[in-house]
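I have placed the structure first, in the form of structure tokens, so that the comments after it can refer back to it.
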Amino acid sequence: MQIAQNSVAAFHYTLTDDQGQVIDSSEGREPLTYLHGSGQIVPGLEKQMEGRKSGDKFTADVAPEDGYGVHHAELMQEVPKEAFQGVEDIQPGMQFQGRGPQGEINVTVTKVEDGKVFIDGNHPLAGQTLHFAIEVTNVRAATEEELEHGHVHGEGGHHH
């Protein structure tokens, strides 16, 4: 069976950056299982999964526009340290959830200096080309319940 709209696919992956550094991998874990066509993986990878079958091994390069988006300078801001009430020791790399004009936004602290905290609301992988090494381990038709709920149930998926 080939991966197509409303199929459930399981795959192992290794994600690297342009320098070949591993960013994430399923090595030593269960394969990632998703409902194809439901937007559960980045669009560029989902497009390249289409038509694959169990046992397929391939590499996929995903441009920022089809991955975690381009880097937006306007999502980088400087805020007073007082905005982080109740947080004693703010350090670069810390992540917080805040409110923006479009609702909730996750931000990462990039620098703390002179009573100011510099934050970045971009996804940590925004602006980067994603390089995947993929091995498809299973493809099956989604159940009616999975289609109704919009996600995978059972092994490797969501359990209610």
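What the table below lists for this structure:
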quantity	calculated
Relative contact order [Cα under 8 Å, 6+ residues apart], the range 66-160, whole percent	28 percent
Under 29 Å from K116, Cα to Cα: lysines that are on another chain or at least 8 residues apart	K81
Whichever lysines have a C-alpha closer than 18 Å to that of K57, once near sequence neighbours (fewer than 8 apart) are set aside	K47
At 1.567 mPa s and 4 °C, Stokes diffusion of the chain via Kirkwood alpha-carbon radius, µm² per second	72 µm²/s
Per residue accessible area of the range 41-87, 1.4 Å probe, in Å²	64 Å²
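The values are calculated or read from the model by the stated rules, or taken from the named source; none is laboratory data. From a predicted model like this one, the values you see are computed outputs, not experimental measurements. For the accessible areas, the whole protein counts, side chains as well, though only heavy atoms, and no ligand, DNA or RNA atoms are used. Shrake-Rupley method; radii C 1.70, N 1.55, O 1.52, S 1.80 Å.
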